[in-house]
Structures are given as structure tokens and as C-alpha cells.
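Below is one structure, written out as C-alpha cells; comments come after it.
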Amino acid sequence: MVIDIQIKGEPVTMLSCSNCDRRWWQGLEGSLTLDAVLGIAADT
Ligand SMILES: [Zn+2]
């Protein structure tokens, strides 16, 4: 499953694998950790 969202104007794609229940994110500069995604969301 692929979900495109925007966090603070930054495009972030959330990908999830239904086989192994893994989730990860991709931003403009490559893959993001959950911490990085939360960091963008917290950044004002
Ligand atoms: Zn998988």
C-alpha cells in the first residue's frame, strides 16, 4: 500500500507491506525513519 501525504508542505510517501507488516516512509531525499517523519511534523 502506498499513501502520499504532505507534512508541513513536504511530500512524504508512506509505504506498507502487508506481508511482513512493515512500514516505511520516503521523502524527497530518500527513505525516512519514523523519527525523521515526526521531526518534520514537529518542526515549525
Ligand atoms: Zn514485506
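Tabulated data for the structure shown
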{"read-out": "Net charge over other residues, Cβ less than 12 angstrom from the Cβ of residue 37 (K, R count +1; D, E count -1)", "value": "-1"}
{"read-out": "Calculated [θ] (222 nm, deg cm²/dmol) that DSSP helices of n ≥ 4 give over the chain, each run adding -39,500 (n - 2.57)", "value": "-6000 deg cm²/dmol"}
{"read-out": "Rel. contact order, % - alpha carbon contacts under 8 angstrom, at least six apart, the chain", "value": "28"}
{"read-out": "Among 39, 24, 7 the positive-end extreme of the charge dipole of the chain (Cβ point charges)", "value": "24"}
{"read-out": "Student exercise, the chain dipole from Lys, Arg, Asp, Glu Cβ charges, in Debye to nearest 20", "value": "120"}
{"read-out": "Debye-sum result for the chain in log10 I(q)/I(0), which assumes one identical scatterer on each alpha carbon, at q = 0.21 Å⁻¹", "value": "-0.64"}
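Every number in this text was worked out from the coordinates using simple rules, so none of it is lab data. Predicted model, so just to flag it, every value in this text is computed and none were measured. Virtual Cβ from ideal backbone geometry, glycine too; neighbours counted across all protein chains shown.
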